[in-house]
Amino acid sequence: QKNHKFLLQVFNEFLQIKKNSVLLLVGEGELQEETKEQAKKLGIERNVKFLGLRKDIPNLLMSMDAFVMTSFHEGLPVVGVEAQTSGLPLVLSDHITKEVKFSEDVKYVALEAPAKEWAQEIDNMLSEVWD
């Protein structure tokens with residue numbers, strides 16, 4: 001559902017734009033080991049942090065520059081609301097409900113778009129918000 005495989009592809013492309021970036025993955029799931037292996041295959045394992053289950057989500061959100069969800073489907077993702085209230089720009093899959101958007105700093109990208117396009121949209125969003 002969360003589409004981590006594609007998220008890692010997007011992040012790999014984003015690293016071509018912003019070389020010192022770090023991807024924080026919070027939570028646990030049955031595909032975690034497979035996701036770690038993919039990060040190794042892409043050669044980005046040093047830039048991907050698997051944080052596991054956490055209780056300090058507000059603190060983590062405050063340490064981020066952007067929030068990205070490449071999900072195949074979501075109901076109303078509470079974490080998207082939390083990220084917006086933390087002041088983060090969001091780049092979301094167009095398969096995520098539009099009801100989650102309550103700020104101008106949310107961009108929907110077609111899930112079918114190439115990873116490189118996603119990476120550019122993230123960079124554009126960061127430029128608009130942080131510059």
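Quick notes on this structure:
- Option label - Rg and Dmax of the Cα atoms in Å computed here, alternatives (1) 19.2, 76; (2) 13.7, 38; (3) 16.2, 60: (2)
- Backbone N atoms of the range 102-118 closer than 19 Å to the 7 Å Cα→Cβ label point of residue 85 belong to residues 102-106.
- Dipole magnitude (debye, nearest 20) for the range 25-72, charges at Cβ of Lys, Arg, Asp, Glu: 160 debye
- Cross-link table 2/36; 41/107; 36/107; 5/116; 19/101, entries beyond 24 Å C-alpha to C-alpha: 41/107; 36/107; 19/101
- Inter-site label distance for residue 112 and residue 63 at 7 Å from Cα along Cβ, in nm: 3.8 nm
- Exposed loop sites were defined as trypsin sites (Lys or Arg not before Pro) in DSSP loop states (anything but H, G, I, E or B) carrying at most 15 other C-beta atoms within 10 Å; in the chain the longest segment without such a site runs 56-131.
- Under a model in which nothing but the beta-carbon of Lys, Arg (+1) and Asp, Glu (-1) is charged, the range 64-120 shows a dipole of about 40 debye around its Cα centre.
- Dipole of the range 12-131, positive direction: furthest Cα of 58, 124, 111, with charges on the beta-carbon: 58
- Selection of GluC sites (Glu not before Pro), the range 1-83, meeting DSSP coil and at most 13 other Cβ within 10 Å: 28, 30
- Dipole of the chain, positive direction: furthest Cα of 26, 80, 47, with charges on the beta-carbon: 47
- With the simple spin-label model, which puts each label point 7 Å out from Cα in the Cβ direction, the residue 16 to residue 99 separation comes to 3.8 nm.
- Close amide H pairs (under 5 Å, H built 1.01 Å from N) link residue 108 with 92, residues at least 5 positions away or on another chain.
- What you get for the range 1-121, charging only the Cβ of Lys and Arg (+1) and of Asp and Glu (-1), is a dipole of about 400 debye around the Cα centre.
- For the chain, the share of DSSP beta bridges that are antiparallel, to the nearest 5, is 10%.
- Neighbour net charge for residue 86 - beta-carbon separation under 13 angstrom, K R +1, D E -1: -4
- Along the chain, longest interval not containing exposed chymotrypsin sites (Phe, Trp or Tyr not before Pro), exposed being DSSP loop plus at most 15 other Cβ atoms within 10 Å: 1-71
Read the figures in this text as sums done on the coordinates, not as results from a lab. Everything quoted here is computed from the prediction, not taken from an experiment. Glycine gets a Cβ as well: all are built from the backbone with ideal geometry, and neighbour counts include every protein chain shown.
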